[in-house]
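Scroll down for the structure; my scribbles are underneath it.
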Amino acid sequence: MRLGIDLGGTKIEILALGDDGRELLRERTPTPRATYDDTLAAIARLVQETEQKLGQKGSLGVGIPGAISPQTGLVKNANSTHLIGHALDRDLGNALNRTVRVANDANCFALSEASDGAGAGKAVVFGVILGTGVGGGVCINGSVLTGAHAIAGEWGHNPLPMREPGELPAPNCYCGRANCIEAWCSGPALEAQFQRHAGHKQAAAEIERAAKNGDTIAQSVLNAHSDRLARALATVVNLIDPDAIVLGGGLSNMTHLYEVLPPLVERYAFKPEGQSLIVKNRHGDSSGVRGAAWLWTLDDYRQGLPG
């Protein structure tokens, strides 16, 4: 049995998968707002209760909005700032008496979709998170590419390429820089761009709906957003030339992206001689927790790694 945890800012989700990938159990609990120790205890309790219900123990993988630093072994770059500076994998492993694997949640998304999702059977999969932020993960031949600094796939903090005159000055990003792809292409960025032009707020789904109904401002804002997103993805195509780009996060539900992005990416990339395969995720909000469970493979069991 493989257990996956998706540690979010508002909820902790656990998923139990059988050896065949079949879902055995899924539950959620609110994420404690107080301290790191409270979060650690909540995860441990959720794992223990799940194993009691199913009558067996399993391997454990955890997806977090950050990464474990290869230099220090401590969490870094986490939106949930109370995790930063703690050895989450070791602390949780000590609490549960087993080895625990922790990975970035975007990497878990990419692994899930590459394993048995929209990118299944593809050698190189780039998983894209388009939501409150812009994240990404790279999966090669079924394994996550982490990188020397545990930041592989973090394309959202690359600068937006090929800026046009109307894209000056560049918006600031929470990371302290300006002109990050995240500051241009995230859900909040899209909504802010619409509000700036229309004078009122609308959610991303409403903007797309308005564009389909002939709203010229909504159409213009969506066109500009798609073009920026295509320029950003073209740099990924130039660098790793993925067999599939799988979109996740709230903006992945905007259907127009799957029509307009492939030809735009082909236009901006370095002569790919064909459109990139850009597809919607298969597992939706479940992909992150599924990918966390997939951090352990059947070969790991045979080698006796869990526990």
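The values are calculated or read from the model by the stated rules, or taken from the named source; none is laboratory data. All values derive from a computational prediction rather than experimental measurement. No Cβ is skipped: glycine too gets one built from the backbone with ideal geometry, and neighbour counts run over all protein chains shown.
Quick check on residue 171: is it at pLDDT below 90, surrounded by fewer than 23 Cβ atoms within 10 Å (Cβ to Cβ), more than 16 Å from the chain's Cα centre (by Cα) and not hydroxyl-bearing (Ser, Thr, Tyr)? Step through it out loud before you land on a result.
On the way: at pLDDT below 90: no; surrounded by fewer than 23 Cβ atoms within 10 Å (Cβ to Cβ): yes; more than 16 Å from the chain's Cα centre (by Cα): yes; not hydroxyl-bearing (Ser, Thr, Tyr): yes.
Taking the combined requirement at face value, the residue does not satisfy it.
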- Message: For the range 261-275: of the residues being over 22 Å from the mean Cα position of the chain (by Cα) and in a helix (DSSP H, G or I), which is surrounded by the most Cβ atoms within 10 Å (Cβ to Cβ)?
- Response: 264
- Item | the range 122-141, residues that are farther than 26 Å from residue 10 by Cβ and either assigned by TED's automatic domain parsing to the domain that holds residue 292 or buried (at least 23 other Cβ atoms within 10 Å of the Cβ) (or both) | 125, 126, 138, 139
- Taking residue 224, is it within 20 Å of the chain's Cα centre (by Cα), in the same structural domain as residue 270 (by TED's automatic domain parsing), closer than 30 Å to residue 77 by Cα and outside any loop (DSSP other than H, G, I, E, B)? no
- Message: residue 78 - would you say it is without any contact (Cβ under 8 Å) to a residue 24 or more places away in the chain, of a type in the set (Gly, Ala, Ser), more than 22 Å from residue 58 (Cβ to Cβ) and outside the structural domain of residue 276 (by TED's automatic domain parsing)?
- Response: yes
- Task: Name, by its number, the condition in (1) in a helix (DSSP H, G or I); (2) touching a helix residue (DSSP H, G or I) at 6+ places or on another chain (Cβ under 9 Å); (3) not hydrophobic (A, V, I, L, M, F, W, C) that does not hold for residue 200.
- Result: (1)
- Can you pull out the residues in the range 28-53 that are under 20 Å from the mean Cα position of the chain (by Cα) and among the charged types (D, E, K, R)? 28
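Take the residues in the range 68-83 that are more than 16 Å from residue 146 (Cβ to Cβ) and surrounded by fewer than 19 Cβ atoms within 10 Å (Cβ to Cβ); name whichever of them is nearest to the chain's Cα centre (by Cα).
Here is the first cut: in the range 68-83, the residues more than 16 Å from residue 146 (Cβ to Cβ) are 79-83.
After this cut, where a residue has to be surrounded by fewer than 19 Cβ atoms within 10 Å (Cβ to Cβ) as well, the list is 79-82.
On the way: 79: 13, 80: 15, 81: 18, 82: 20 Å.
This residue is 79.
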- Note on the structure: (1) crowded, with 22+ Cβ neighbours inside 10 Å; (2) of a type in the set (A, V, I, L, M); (3) over 23 Å from residue 129 (Cβ atoms) all hold for residue 44 apart from (1)
- Residue hits (the range 72-81; at pLDDT 85 or above, over 15 Å from residue 152 (Cα atoms) and not hydrophobic (A, V, I, L, M, F, W, C)) are 72, 73
- State which residue is surrounded by the fewest Cβ atoms within 10 Å (Cβ to Cβ) when the search covers only the range 142-161 and only residues that are at pLDDT 95 or above and assigned to a loop (DSSP other than H, G, I, E, B). 161
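Taking the residues in the range 47-67 that are of a type in the set (A, V, I, L, M) and in contact with a helix residue (DSSP H, G or I) (Cβ under 7 Å, 6 or more places away or on another chain) as candidates, determine which candidate is surrounded by the most Cβ atoms within 10 Å (Cβ to Cβ).
Step one: of the range 47-67, the residues of a type in the set (A, V, I, L, M) are 47, 54, 60, 62, 64, 67.
If we keep only those that are in contact with a helix residue (DSSP H, G or I) (Cβ under 7 Å, 6 or more places away or on another chain) too, we end up with 47, 60, 62, 64.
Values: 47: 23, 60: 29, 62: 27, 64: 26.
Across the range 47-67, the extreme among qualifying residues is 60.
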- Counting residues that are in contact with a Lys or Arg (Cβ under 6 Å, 6 or more places away or on another chain), which strands (runs of 3 or more DSSP E) fully inside the range 57-139 reach at least 2? 59-64
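Of the residues in the range 1-42, how many are of a type outside the set (D, E, K, R), in a strand (DSSP E or B) and touching a Gly at 6+ places or on another chain (Cβ under 9 Å)?
Going residue by residue through the range 1-42, those that are of a type outside the set (D, E, K, R) are 1, 3-5, 7-10, 12, 14-18, 21, 24-25, 29-32, 34-36, 39-42.
Checking which are in a strand (DSSP E or B) leaves us with 3-5, 7, 12, 14-17, 24-25, 29-30.
Those still in the list that are touching a Gly at 6+ places or on another chain (Cβ under 9 Å) too: 3-5, 7, 14-17, 24.
Result for the range 1-42: 9.
Being within 12 Å of residue 235 (Cα to Cα) and either of a type in the set (Gly, Ala, Ser) or free of Cβ contacts under 8 Å to residues at least 60 places away in the same chain (or both) is the filter here; which residues of the range 154-169 pass it?
Within the range 154-169, the subset within 12 Å of residue 235 (Cα to Cα) is 155-156, 158-162.
Hits for the range 154-169 are 156, 159.
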